[in-house]
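Here the structure comes first, spelled out in structure tokens, and everything after it is commentary.
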Amino acid sequence: METPIIRIVDLGKEFKTANGSVRALQGINLEVSAGEIFGIIGLSGAGKSTLVRCINYLETPTEGDVIFEGQSMAAMTDAQRRRARQSMGMIFQQFNLLAQRNVIRNVCFPLELTGVPKKKARERGMELLETVGLKDRALAYPAQLSGGQKQRVAIARALATNPKVILCDEATSALDPNTTKQILELLKEINRTLGVTVIVITHEMAVIEAICDRVAIIDQSRIAEVGAVSEIFLNPQSAIGRKLIMGEAAQRPAGGSGSGRSIRILFDGRESAEPIISNMVLACRAPVNIMYAATRDIQGKAMGQMVVQLPADEADAERVIDYLDSIKIPYEEADGYEA
């Protein structure tokens, strides 16, 4: 991996409350490379939103450090930290637009704060509105926009200061599925064309699989595992990873259904369009019972796994096993799986 644009070192965060201290983050170590789309996923309360706010020092970590472009955020002066923060645009779940300002003035707001002349700021703002497809709505007010349009304005605003990193804190959680897809496509396009590093905070695996190169799973204030999205989907190492990817079925104890052998078929990057199970049934002339499936289409590749119950007849079962061996599909015994 190339030199990371962001390196998080032994970071922790503790909040003082009336009822005592609350540990939000502990021992966080992560590296994010320039130009990648990096996901951080976890359940509600896991600490992911606190983590993203510590990255740009909107929250000051209790311990540890964030190294941004080789410079310690902890060692920076307030002025240096403000300049570093200008290189990290942020997009929020609830858009955080200023209701009394129209679209173009919302986009220009960060430029005004840094002293950019009004004419130059407006020119930059109109360029960005064209980038996000809202140039014709420049004079509209937030109340006149849909949720997706508001988030596009927020993205344009985040890009105003030419950031090297965009931090997305649950940026699609308030949007419907179709609008979510459009916003994710826009972020991918910005990443591809502008080279901006994108860090996505979410609780939705669908967002991770749609956009991210790598992912970190956070659980109970700690990082449970980190890896390429394809690797994590294929073989999650942590209990929380299996739960997020496979659902509650992954947590069920084996109990033996007494109905024959089961195997877990691993989908490790074949073309999504290849009908593996259908071809297997036709080739072997033996039906199988699909007990559970957790597969995803990640950039045209099938990733994940499926548990199938083999035919009760041993000869039929062996034909299925031989077929999987012949086409080099990885599998393992999964006896005792309960649907």
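The values are calculated or read from the model by the stated rules, or taken from the named source; none is laboratory data. Keep in mind the model is a prediction, meaning the values are calculated, not measured. Cβ placement follows ideal geometry from the backbone for every residue including glycine, while neighbour counts extend to all protein chains displayed.
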Of (1) under 30 Å from GLU189 (Cβ atoms); (2) part of a loop (DSSP other than H, G, I, E, B), GLU31 satisfies all except one. Which? (2)
Those residues of the range 61-76 which are part of a loop (DSSP other than H, G, I, E, B) and closer than 24 Å to PHE109 by Cβ amount to MET73, MET76
All-but-one check, ARG242 against (1) farther than 21 Å from GLN26 by Cβ; (2) out of contact with any Gly (no Cβ under 6 Å at 6 or more places or on another chain); (3) at pLDDT 85 or above; (4) of a type outside the set (Ser, Thr, Tyr), failing number (3)
Spans of strands (runs of 3 or more DSSP E) in the range 256-311 with at least 1 residues modelled with pLDDT under 80 and over 22 Å from GLN237 (Cα atoms): 262-271
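Which residue, of SER44, SER87, SER72, SER49, is of a type outside the set (Phe, Trp, Tyr), within 30 Å of ARG23 (Cα to Cα) and touching a Pro at 6+ places or on another chain (Cβ under 9 Å)?
Within the list SER44, SER87, SER72, SER49, the selection yields SER87.
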Please determine whether any residue of the range 204-224 is under 15 Å from the mean Cα position of the chain (by Cα) and among the basic types (Lys, Arg). yes
For a quick check of your reading of the model, give me the residue pairs whose first member lies in the range 89-115 and is surrounded by fewer than 22 Cβ atoms within 10 Å (Cβ to Cβ), whose second is in a strand (DSSP E or B) and among the acidic types (Asp, Glu), with beta-carbon atoms closer than 8 Å and at least 6 apart or on different chains. PHE92/ASP169; GLN93/ASP169
For the range 130-184, which residues satisfy the criterion of being within 22 Å of the chain's Cα centre (by Cα), farther than 21 Å from MET205 by Cα, in a loop (DSSP other than H, G, I, E, B) and not β-branched (Val, Ile, Thr)? PRO163, LYS164
Could you list, in sequence order, the residues of the range 163-193 that are in contact (Cβ under 8 Å) with a residue 12 or more places away in the chain, surrounded by fewer than 24 Cβ atoms within 10 Å (Cβ to Cβ) and not aliphatic (A, V, I, L, M)? PRO163, LYS164, ASP169, GLU170, SER173, ASP176, THR179, THR180, LYS181, GLN182, LYS188, ASN191
If you go through ILE199, ILE218, ILE183, ILE223, the only one that is in contact with a Ser or Thr (Cβ under 6 Å, 6 or more places away or on another chain) and of a type outside the set (S, T, N, Q) is ILE183
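Just the residues that are in a helix (DSSP H, G or I), among the β-branched types (Val, Ile, Thr) and surrounded by fewer than 23 Cβ atoms within 10 Å (Cβ to Cβ), please, taken from the range 51-60.
If the condition is that a residue be in a helix (DSSP H, G or I), among the β-branched types (Val, Ile, Thr) and surrounded by fewer than 23 Cβ atoms within 10 Å (Cβ to Cβ), then VAL52 is the only one that fits.
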Filter pass, ILE223 being modelled with pLDDT of 85 or more, touching a helix residue (DSSP H, G or I) at 6+ places or on another chain (Cβ under 6 Å) and either surrounded by 15 or more Cβ atoms within 10 Å (Cβ to Cβ) or at positive phi (or both): no
Out of (1) over 21 Å from the mean Cα position of the chain (by Cα); (2) surrounded by fewer than 13 Cβ atoms within 10 Å (Cβ to Cβ), the one SER44 does not meet is (1)
Return the residue satisfying two criteria in turn: it lies in the range 49-68 and is within 22 Å of the chain's Cα centre (by Cα) and of a type in the set (D, E, K, R), and of such residues it is farthest from MET90 (Cα to Cα). GLU59
Read through the list (1) touching a Phe, Trp or Tyr at 6+ places or on another chain (Cβ under 9 Å); (2) surrounded by fewer than 17 Cβ atoms within 10 Å (Cβ to Cβ), then give the number of the only condition that LEU30 fails. (2)
Being out of contact with any Asp or Glu (no Cβ under 6 Å at 6 or more places or on another chain) and on the phi > 0 side of the Ramachandran plot narrows it down to one residue among GLY64, GLY47, GLY39, GLY89; which is it? GLY47
Condition check: more than 10 Å from ILE37 (Cβ to Cβ), at pLDDT below 95 and crowded, with 17+ Cβ neighbours inside 10 Å. Does ILE208 satisfy that? no
Scope the range 6-24; condition buried (at least 16 other Cβ atoms within 10 Å of the Cβ) and closer than 21 Å to GLN71 by Cβ; matching residues: ILE6, ARG7, ILE8, VAL9, LEU11, GLY12, LYS13
